[in-house]
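A short worksheet on the structure shown next.
The values are calculated or read from the model by the stated rules, or taken from the named source; none is laboratory data. Please read these numbers as outputs of a predicted model, since none were measured by experiment. Glycine gets a Cβ as well: all are built from the backbone with ideal geometry, and neighbour counts include every protein chain shown. Areas reflect the complete protein model, heavy atoms only, side chains present, ligands, DNA and RNA absent. Shrake-Rupley method; radii C 1.70, N 1.55, O 1.52, S 1.80 Å.
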Amino acid sequence: MPDLLHPQERDRLLAGLRRLLRQAVLEGQPLSGLAHRAAPGAPLHTLDNALAAEAMAIPALREADPALADSVLSFLVAVGKEEGPPPRAVLPQAGGRVEILRDDPASFRLLTSWHEFTGDLTHGVLRQRMRAPSGGNAPPREVPQDGTCARIVQHTGNMARLRPVGGVPGLLGRLSLRARTLDVEEAITAQGVQPEGAGAVMWHESALRLRPLPGLSIHVGTLRYEYRVSSADPLLRVAVTLRAGSRAGLSAIRLTTAVDALSEAVPSFAHASVGREGVQLPRSAGPFAAEELLSESGAESLHLWQSGPEEEALALHLRPRAAEGVFSIRAYGRNGAPHWLVLRHSLADLPPGGVATLREDRLLAQGVAQGSPAEALRLIAAPSSLGGRDPGQAGIGAPLAAVAATLLNAPAFAEPIRRDRLAILQDWLDRRIAALPDDDTTPLPMGELASTALALDAAWRAGGLPRDRRRLRHLLTRLAAMAAGGGSAGLADQGAAVLALARGATLIPEPWVQEALRRAMLAVTPEDLSDTVEAPPTRALAAVLRGARATEFFAETGRIAPDAEVLARAAALREAALHLLSGRLRAVEQGAGEPAMEVLSGSGEGANALSAATLLLAVLSPDEVALSMNLLHA
């Protein structure tokens with residue numbers, strides 16, 4: 001299967017990638033990797049570097065630029081050293097910042113390195129959204145003050161329930177003994193936005209008054225909500241302080257920390273998990289009820305995330321500082337999605353003038369993966385580790401596939417990797433494979449299944465353990481059930497599934513694998529790749545192209561035997577993808593520097609590392625190399 005790039009074009013694409021190399025620091029350790037874009041401040045995405053590392057495992061590419069190959073490979077090992085999912089990205093600047101752009105409490109605006117906050121504290125409304133991850137120093141477009149932005153979370157909707165004890169004589173005292181629920185936002189009397197050390201605090205304070213009789217109110221205390229941000233990490237630290245009035249104590253105290261208007265998010269929040277006694281308890285899939293008890297007392301954390309592609313999903317992670325004080329967690333649904341999320345906290349009785357404070361840490365992130373709730377809880381508990389990273393998580397499949405491809409192809413490298421380095425890579429891969437879920441109860445998106453299958457494919461070809469083949473068979477079984485859906489999956493995931501099934505069919509030559517490949521291939525049509533309405537992004541086109549070319553190549557070698565309809569579809573997809581991809585290459589203005597090319601994303605973002613890496617994998621021959629290395633290892 002000949003490469004579709006001239007060596008000169010290949011070298012210019014590598015030069016374009018080299019322009020994106022950046023230095024960063026992760027948990028005190030320096031590392032270098034590819035920034036997502038050339039813009040200043042652009043993050044170093046794990047997925048971009050993983051796909052680039054898989055491409056650089058092609059012997060010809062590694063020979064052309066061994067330093068780049070080593071950089072992206074070392075990046076993956078560094079971000080994946082912990083057992084949980086790796087960070088979605090590493091930030092190029094270790095230090096963060098907090099800017100108060102507008103301090104009017106009724107219409108404030110505050111930026112951190114990770115988030116933007118706006119809202120109206122006179123009504124207790126605090127809106128939070130992720131800042132654009134593509135880099136650059138300009139402030140993002142402002143969130144509309146009516147809250148209509150579909151990618152925000154609103155910290156509001158709080159209540160207090162309490163009962164006065166003593167201090168009110170006679171009949172009024174007896175009438176006041178019943179516990180009552182008060183709306184916090186309706187009772188706000190003061191508010192502010194102000195700097196505080198290396199961060200800022202946004203706050204509002206309510207005067208709590210009971211009304212035992214019409215026209216009569218009794219002041220029983222004050223309730224203050226404080227939301228703190230820091231330049232050091234992306235946590236939102238919530239402190240709720242209740243101060244009893246000077247005349248009466250308080251008992252039967254229930255305070256809330258709430259999130260409202262969640263149903264307005266697009267896509268909707270659809271998944272939840274509760275942490276209890278060190279274990280994550282995922283909520284069963286399905287629509288949210290009008291009122292739903294997510295947890296009774298003792299919850300250590302709550303995690304909520306959106307439906308849709310996991311790498312783009314918003315996730316909200318909440319960690320009460322005193323789990324024993326959590327009375328309940330309830331979600332109130334609207335149209336099958338959670339709308340109002342309420343954590344109720346119990347506090348001990350207060351004497352007159354007594355003070356009590358409850359605290360909660362919140363983390364809003366973009367990007368989830370298998371194991372995200374537990375990983376997010378670990379990070380919140382050790383916020384110093386969040387300083388140089390994106391707070392979201394990425395799947396482990398693509399990094400696994402890159403390291404496994406490197407180990408598989410290592411015997412063919414012109415400049416051998418040192419034996420101690422190979423041992424480190426092998427140990428990393430073995431530990432990560434051993435930690436993979438080995439059952440059907442852990443849901444994984446199709447793209448993650450396909451990437452993990454590629455990793456196990458390469459591990460088995462390199463002389464792996466019998467467990468690798470068993471797990472590969474298991475993953476291909478799950479992939480076969482998903483990949484026939486076609487339009488229900490994204491094109492990038494569908495192309496990845498075709499590739500994994502085509503390669504898997506050469507290792508597991510059984511009819512069911514080839515039938516799964518057939519269904520997966522025919523689920524994609526050339527019309528899906530058409531630019532008549534909106535052309536697919538480069539990543540999707542490249543994934544389909546790679547899957548189609550691999551199927552054609554394995555058929556030519558006789559390792560698989562697809563029928564004429566499958567081969568005709570593969571050829572049609574190849575031509576359609578190449579037609580669109582040919583217009584995505586662009587020369588880079590380098591001045592007196594080396595000639596370089598970059599690859600446009602096709603999604604309005606301009607050129608990025610992800611598009612260049614996926615294009616290299618599609619137009620070169622990594623899967624032909626894998627088959628030849630399989631024969632060499634055998």
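When each of Leu541, Leu529, Leu617, Leu610 is tested for being among the hydrophobic types (A, V, I, L, M, F, W, C), at pLDDT below 95 and open to solvent by less than 60 Å² (accessible area, probe 1.4 Å), the lone residue that passes is Leu529. Here the range 197-217 is the region considered, the condition is being more than 20 Å from Gly353 (Cβ to Cβ) and at pLDDT 95 or above, and the residue that is most open to solvent (accessible area, probe 1.4 Å) is Trp203.
All conditions in (1) open to solvent by 60 Å² or more (accessible area, probe 1.4 Å); (2) touching a helix residue (DSSP H, G or I) at 6+ places or on another chain (Cβ under 7 Å) hold for Leu14, with the sole exception of (1).
If you go through the range 231-251 and keep only what is open to solvent by less than 40 Å² (accessible area, probe 1.4 Å), within 30 Å of Ala179 (Cβ to Cβ) and among the small types (Gly, Ala, Ser), you end up with Ala239, Ala244, Gly245, Ala248, Gly249, Ser251. Against the conditions (1) at pLDDT below 90; (2) under 30 Å from the mean Cα position of the chain (by Cα); (3) of a type in the set (Gly, Ala, Ser); (4) at negative phi, where does Ala592 fall short? Just the number, please. The number of the failed condition is (2).
Against the test of being small (Gly, Ala, Ser), out of contact with any strand residue (DSSP E or B) (no Cβ under 7 Å at 6 or more places or on another chain) and assigned to a loop (DSSP other than H, G, I, E, B), the options Ala69, Ala55, Ala38 yield a single qualifying residue, Ala38. Of all the numbered requirements in (1) outside any helix (DSSP H, G or I); (2) within 21 Å of Asp3 (Cα to Cα), Lys81 misses one, and that requirement is (2).
A residue that is buried (at least 17 other Cβ atoms within 10 Å of the Cβ), of a type in the set (S, T, N, Q) and either within 23 Å of Pro443 (Cα to Cα) or modelled with pLDDT of 95 or more (or both) occurs nowhere in the range 307-325. Ala132 meets the conditions (1) at pLDDT below 70; (2) farther than 22 Å from His317 by Cβ in every case but one. The failed one is (2). Among the residues of the range 596-605, those that are modelled with pLDDT under 90 and surrounded by 13 or more Cβ atoms within 10 Å (Cβ to Cβ) comprise Gly602, Ser603, Glu605. In the range 334-370, the qualifying residues are those that are in contact with a Pro (Cβ under 7 Å, 6 or more places away or on another chain) and small (Gly, Ala, Ser), and the one that is most open to solvent (accessible area, probe 1.4 Å) is Gly336. Taking every residue in the range 400-411 that is assigned to a helix (DSSP H, G or I) and pairing it with any residue that is basic (Lys, Arg) and at pLDDT 95 or above, at least 6 positions away or on another chain, the pairs with Cβ-Cβ distances below 9 Å are Thr406/Arg62; Asn409/Arg62.
Within the range 381-393, being among the hydrophobic types (A, V, I, L, M, F, W, C) and either at pLDDT 95 or above or in a helix (DSSP H, G or I) (or both) holds for Ala381, Leu386. Taking Ser107, is it under 29 Å from Gly28 (Cβ atoms) and either without any contact (Cβ under 8 Å) to a residue 40 or more places away in the chain or among the polar types (S, T, N, Q) (or both)? Against the criterion (under 29 Å from Gly28 (Cβ atoms) and either without any contact (Cβ under 8 Å) to a residue 40 or more places away in the chain or among the polar types (S, T, N, Q) (or both)), Ser107 does not qualify. Please state which of the following conditions Ala481 fails to meet, knowing it meets all the rest: (1) within 19 Å of Glu448 (Cβ to Cβ); (2) in contact with a helix residue (DSSP H, G or I) (Cβ under 7 Å, 6 or more places away or on another chain); (3) hydrophobic (A, V, I, L, M, F, W, C). With (1) within 19 Å of Glu448 (Cβ to Cβ); (2) in contact with a helix residue (DSSP H, G or I) (Cβ under 7 Å, 6 or more places away or on another chain); (3) hydrophobic (A, V, I, L, M, F, W, C) applied to Ala481, the lone miss is (2).
Look at Ala555 and say whether it is surrounded by fewer than 20 Cβ atoms within 10 Å (Cβ to Cβ), free of Cβ contacts under 8 Å to residues at least 12 places away in the same chain and more than 15 Å from Leu491 (Cα to Cα).
It is false that Ala555 is surrounded by fewer than 20 Cβ atoms within 10 Å (Cβ to Cβ), free of Cβ contacts under 8 Å to residues at least 12 places away in the same chain and more than 15 Å from Leu491 (Cα to Cα).
Figure legend. Inter-residue proximity from the range 565-576: first residues assigned to a helix (DSSP H, G or I), second residues open to solvent by 60 Å² or more (accessible area, probe 1.4 Å), beta-carbon distance below 7 Å, spacing 6+ or different chains. Indicated pairs: Val566/Arg518. Just checking, does the range 606-615 include any residue being of a type outside the set (Asp, Glu) and more than 23 Å from Arg62 (Cα to Cα)? Scanning the range 606-615, I find at least one residue that is of a type outside the set (Asp, Glu) and more than 23 Å from Arg62 (Cα to Cα), so the answer is yes. Quick one: would you say Ala24 is open to solvent by 30 Å² or more (accessible area, probe 1.4 Å) and either hydrophobic (A, V, I, L, M, F, W, C) or touching an Asp or Glu at 6+ places or on another chain (Cβ under 9 Å) (or both)? It is false that Ala24 is open to solvent by 30 Å² or more (accessible area, probe 1.4 Å) and either hydrophobic (A, V, I, L, M, F, W, C) or touching an Asp or Glu at 6+ places or on another chain (Cβ under 9 Å) (or both).
Each residue in the range 135-161 was checked for being part of a strand (DSSP E or B) and at pLDDT below 90, and 0 of them qualify.
What do you reckon, is Glu575 modelled with pLDDT under 95 and of a type outside the set (S, T, N, Q)? Answer is no for this residue. Does Arg378 satisfy the criteria of being under 30 Å from Arg224 (Cα atoms), open to solvent by 40 Å² or more (accessible area, probe 1.4 Å) and either part of a helix (DSSP H, G or I) or modelled with pLDDT under 95 (or both)? Yes, satisfied. Within this structure, Thr122 passes the test of being modelled with pLDDT of 90 or more, open to solvent by 10 Å² or more (accessible area, probe 1.4 Å), farther than 25 Å from Asp48 by Cβ and not in a loop (DSSP other than H, G, I, E, B).
Using the structure shown, decide if Trp428 is touching a residue at least 40 places away in the same chain (Cβ under 8 Å), surrounded by fewer than 19 Cβ atoms within 10 Å (Cβ to Cβ) and farther than 30 Å from Ala272 by Cα. Against the criterion (touching a residue at least 40 places away in the same chain (Cβ under 8 Å), surrounded by fewer than 19 Cβ atoms within 10 Å (Cβ to Cβ) and farther than 30 Å from Ala272 by Cα), Trp428 qualifies.
Would you pick out the residues in the range 467-494 that are at pLDDT 90 or above, open to solvent by less than 30 Å² (accessible area, probe 1.4 Å) and more than 15 Å from Gly547 (Cβ to Cβ)? Leu472, Leu475 - these are the residues of the range 467-494 that are at pLDDT 90 or above, open to solvent by less than 30 Å² (accessible area, probe 1.4 Å) and more than 15 Å from Gly547 (Cβ to Cβ).
Only one residue in Arg228, Arg276 is more than 20 Å from Thr118 (Cα to Cα), charged (D, E, K, R) and open to solvent by 20 Å² or more (accessible area, probe 1.4 Å), so which one is that?
Working: Arg228 fails: more than 20 Å from Thr118 (Cα to Cα).
Being more than 20 Å from Thr118 (Cα to Cα), charged (D, E, K, R) and open to solvent by 20 Å² or more (accessible area, probe 1.4 Å) holds for just one of Arg228, Arg276, which is Arg276.
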